[in-house]
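Visitor: Got a structure here, written out as structure tokens. Questions coming.
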């Protein structure tokens, strides 16, 4: 097992608003050690808060790290990325630090050095055309209110709407309330008055997974994926030339319906993974080995 005292290490991180998965990787022997801390997002946290999290949650024995490659939600521009890079540099004492978006994490993890369409289907959704080096085309996901087709948040929102408007069979509506012990008033409160309605809605996507054999719910998920492809992926001319890859829990757990929806539109599905971290680690280790 690796220890944080060893040299020739790089640190790769994949972060969302809730959690960050770190991998300390040995560039010589390709050994790996994983740890998890809470999420880092520069849209919600300042430099001092991020540094405080690192001090409080990371092991106190700091590794001798050659480079840090951090990928995260909210890391969308050089200025914003510095909010993450500065505390990372201060905490680890590492000069080589690259901060990129979670979409770049998906692209590098899924496509490696090959061109392809990289997609994220988790709480939110996103997509891009990646040429093997850079993201060359990107359709904005627009977030929970205007977009995020195919995401857990939108699946949950659609389910909640159909339950409240009684668009589903009575047996499914009764089953929903039996499983979640909630009320229409509580749902409305969480969606319209409390923070992070997207996260609240996304939790209900598990009801769809647990009862996916119900035709109405199966159609709901299939229609959501079809909308994701039509409004996002098919806007890339390259989508009909290269595989369409996915990361995220929704893509992973609903992979059967995702593949069916893609095939019906003439798309070829590639990799479908729950988490991009393994592919990211391999991407960076390969780069080090090629440069030796």
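The values are calculated or read from the model by the stated rules, or taken from the named source; none is laboratory data. Computed from a predicted model, the values in this text were never measured in an experiment. When we count neighbours, we look across all protein chains shown, and the Cβ atoms used for this are built from the backbone with ideal geometry, even at glycine.
Visitor: Step by step: first the residues of the stretch 265-284, then only those that are in contact with a strand residue (DSSP E or B) (Cβ under 6 Å, 6 or more places away or on another chain) and over 30 Å from residue 227 (Cα atoms), then the one that is modelled with the highest pLDDT. Which residue is that? Don't jump to the end; show me each part of the working.
Guide: Residues of the stretch 265-284 that are in contact with a strand residue (DSSP E or B) (Cβ under 6 Å, 6 or more places away or on another chain), as a first pass: 267, 269-273, 276-277, 280-281, 284.
Keeping just the survivors that are over 30 Å from residue 227 (Cα atoms) gives 281, 284.
Details: 281: 92, 284: 89.
My answer is 281.
Visitor: Go through the stretch 239-261 and give me each residue that's part of a helix (DSSP H, G or I) and more than 21 Å from residue 142 (Cβ to Cβ). First the steps, then the outcome.
Guide: Of the residues in the stretch 239-261, the ones part of a helix (DSSP H, G or I) are 239-240, 249-253, 255-261.
Hits for the stretch 239-261 are 240, 252, 253, 255, 256, 257, 259, 260.
Visitor: A further question follows. Could you list all residues from the stretch 140-162 that are farther than 19 Å from residue 128 by Cβ and free of Cβ contacts under 8 Å to residues at least 24 places away in the same chain?
Guide: Scanning the stretch 140-162 gives 145, 161.
Visitor: Quick test of your reading of the structure: residue 281 fulfils all but one of (1) part of a helix (DSSP H, G or I); (2) in the same structural domain as residue 173 (by TED's automatic domain parsing); (3) surrounded by 20 or more Cβ atoms within 10 Å (Cβ to Cβ). Name the failing condition by number.
Guide: The failed condition is (2).
Visitor: Among the candidates 134, 170, single out the residue that is in the same structural domain as residue 268 (by TED's automatic domain parsing) and more than 27 Å from residue 238 (Cα to Cα).
Guide: Unique residue meeting the criteria: 170.
Visitor: Can you tell me which residue in the stretch 129-139 is farthest from residue 243 (Cα to Cα), limited to those that are in contact (Cβ under 8 Å) with a residue 60 or more places away in the chain and assigned to a strand (DSSP E or B)? Don't jump to the end; show me each part of the working.
Guide: Residues of the stretch 129-139 in contact (Cβ under 8 Å) with a residue 60 or more places away in the chain: 129, 137, 139.
Checking which are assigned to a strand (DSSP E or B) leaves us with 129, 137.
Details: 129: 10, 137: 15 Å.
Looking at residues that are in contact (Cβ under 8 Å) with a residue 60 or more places away in the chain and assigned to a strand (DSSP E or B), I get 137.
Visitor: Can you spot a residue in the stretch 199-208 that is over 19 Å from residue 252 (Cα atoms), over 27 Å from the mean Cα position of the chain (by Cα) and either surrounded by fewer than 16 Cβ atoms within 10 Å (Cβ to Cβ) or assigned by TED's automatic domain parsing to the domain that holds residue 253 (or both)? Write out each step before concluding.
Guide: To start, the set of residues in the stretch 199-208 that are over 19 Å from residue 252 (Cα atoms) comprises 200.
In the following step, the residues that additionally are over 27 Å from the mean Cα position of the chain (by Cα) were identified as none.
The answer is no, given that none of the residues of the stretch 199-208 is over 19 Å from residue 252 (Cα atoms), over 27 Å from the mean Cα position of the chain (by Cα) and either surrounded by fewer than 16 Cβ atoms within 10 Å (Cβ to Cβ) or assigned by TED's automatic domain parsing to the domain that holds residue 253 (or both).
Visitor: With respect to residue 266, is the statement that it is assigned to a loop (DSSP other than H, G, I, E, B) and either touching a residue at least 24 places away in the same chain (Cβ under 8 Å) or assigned by TED's automatic domain parsing to the domain that holds residue 146 (or both) true? Before the answer, list the steps.
Guide: Numbers: assigned to a loop (DSSP other than H, G, I, E, B): yes; either touching a residue at least 24 places away in the same chain (Cβ under 8 Å) or assigned by TED's automatic domain parsing to the domain that holds residue 146 (or both): yes.
Considered against the rule, which asks whether it is assigned to a loop (DSSP other than H, G, I, E, B) and either touching a residue at least 24 places away in the same chain (Cβ under 8 Å) or assigned by TED's automatic domain parsing to the domain that holds residue 146 (or both), residue 266 comes out as yes.
Visitor: How many residues, within the stretch 140-160, are in a helix (DSSP H, G or I) and within 29 Å of residue 239 (Cβ to Cβ)? Give the derivation first.
Guide: Looking only at the stretch 140-160, we keep the residues that are in a helix (DSSP H, G or I), and these are 143-146, 152-160.
Remaining after also requiring within 29 Å of residue 239 (Cβ to Cβ): 143-146, 152-159.
Final tally of qualifying residues: 12.
Visitor: May I ask you to verify whether residue 168 is surrounded by 17 or more Cβ atoms within 10 Å (Cβ to Cβ) and outside any helix (DSSP H, G or I)? Steps first, answer last, please.
Guide: Details: surrounded by 17 or more Cβ atoms within 10 Å (Cβ to Cβ): yes; outside any helix (DSSP H, G or I): yes.
Yes, satisfied.
Visitor: Scan the stretch 224-258 residue by residue and report those that are surrounded by fewer than 17 Cβ atoms within 10 Å (Cβ to Cβ) and in contact with a strand residue (DSSP E or B) (Cβ under 7 Å, 6 or more places away or on another chain).
Guide: Within the stretch 224-258, 238, 252, 255 meet the criteria.
Visitor: Starting from the stretch 98-112, keep only residues that are without any contact (Cβ under 8 Å) to a residue 60 or more places away in the chain, then list their pairs with residues that are in a helix (DSSP H, G or I) whose Cβ atoms are within a distance under 6 Å, requiring at least 6 positions of separation or different chains.
Guide: Sorted first by the residue in the stretch 98-112, then by its partner, the pairs are 99/81; 99/84; 99/85.
Visitor: Out of all the residues in the stretch 218-238, which are assigned to a helix (DSSP H, G or I), out of contact with any helix residue (DSSP H, G or I) (no Cβ under 7 Å at 6 or more places or on another chain) and under 26 Å from residue 109 (Cα atoms)?
Guide: If the condition is that a residue be assigned to a helix (DSSP H, G or I), out of contact with any helix residue (DSSP H, G or I) (no Cβ under 7 Å at 6 or more places or on another chain) and under 26 Å from residue 109 (Cα atoms), then 227, 228, 230, 231, 234, 235, 237, 238 are the ones that fit.
Visitor: Right, next: Is it the case that residue 27 is in contact with a strand residue (DSSP E or B) (Cβ under 7 Å, 6 or more places away or on another chain) and either at pLDDT 85 or above or under 30 Å from residue 262 (Cβ atoms) (or both)? Explain how you work it out, then say what you get.
Guide: Working: in contact with a strand residue (DSSP E or B) (Cβ under 7 Å, 6 or more places away or on another chain): yes; either at pLDDT 85 or above or under 30 Å from residue 262 (Cβ atoms) (or both): no.
When the stated conditions are applied, residue 27 does not pass them.
Visitor: Of the residues in the stretch 204-228, how many are touching a residue at least 40 places away in the same chain (Cβ under 8 Å) and more than 24 Å from residue 183 (Cα to Cα)? Write out each step before concluding.
Guide: Let us first name the residues in the stretch 204-228 that are touching a residue at least 40 places away in the same chain (Cβ under 8 Å), namely 204-205, 207-209, 212, 214, 216-217, 220-221, 224-225, 227-228.
So of that shortlist, the ones also more than 24 Å from residue 183 (Cα to Cα) come out as 224-225, 227-228.
Number satisfying all stated conditions: 4.
Visitor: Go through (1) out of contact with any helix residue (DSSP H, G or I) (no Cβ under 8 Å at 6 or more places or on another chain); (2) surrounded by 12 or more Cβ atoms within 10 Å (Cβ to Cβ) for residue 215 and report which single condition fails.
Guide: (2)
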